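For reference, the structure discussed in these notes is given below.
Bear in mind that the values in this text are calculations on the coordinates, not laboratory data. Model, not experiment: these values are computed from the prediction. Quick reminder, even Gly has a Cβ in these numbers, built from the backbone with ideal geometry, and neighbours come from all protein chains shown.
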Ligand SMILES: [Ca+2]
């Protein structure tokens, strides 16, 4: 049996199309307004986001540009460093040379390790001479544009096998007795055939004329000058390092052989390294 409840008919809401329409319009207006608000907010957010994104991109671009610039600077520094440390083109500037222009330097000839040597003289078209403008001091002035030329037992233009061999120089250092552990040879401006190939280095704590006596010297190094592969003119071989535990105040550098049969030996620099 269906149950019913008592309803107050008088109080029932009446149907009014206009009222519904107004409500719908109101609702639509509210939705439209809400949509406009949402649209405005989204638009603002998009604009703000775009501005922030653009600003961030600009910052990244500036940072990238700055990084690229820094990289270029680093690369430039590296290139400079490479040039400075290229020991085949320049004297090594990272190590202080032990020979200075104030040291006493003599050119010698008829000189072989452990044996006596003879003082060379400025050139007068004889034997045992070095070029007038290319004296032994040129080999130790720190300038690869100046060279030392010694004709040995030959006259200029002799072009005899052995010319330039058994020539060299000895140095009495004013700084005292350093421990030499390396040397470096640089080429002259011309004639690659004059480059020293096999060389010797001896040390002594004698001085003066005693340095012409072979027994005054102790052998430190015999071997390659590192110019066997021609580095070019006005270029240096790498520093030849060797073990040495003895300090000497004087050093004798001699040439055993040059690259080709020519009339002399030449080199622009001899530098000793150590401490
Ligand atoms: Ca020089």
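Observations
- Which of 264, 154 has the fewest Cβ neighbours within 10 Å, and the rest in rising order: 154, 264
- Once C-alpha pairs closer than 8 Å and six or more residues apart are averaged by separation and normalised to the residue number of segment 104-274, the relative contact order reads 34 percent.
- Taking other Cβ atoms within 10 Å as a rough exposure proxy, 121, 137 sort from fewest to most as 121, 137.
- Annotation for segment 190-226 versus segment 119-145: alpha-carbon center distance of 16 Å.
- For segment 227-275, the ratio of Cα radius of gyration to the globular rule of thumb 2.2 N^0.38 Å stands at 1.38.
- The calculated P(r) of segment 122-275, using every Cα pair and 5 Å bins from 0, goes 2, 11, 19, 22, 22, 15, 7, 2, 0 in percent.
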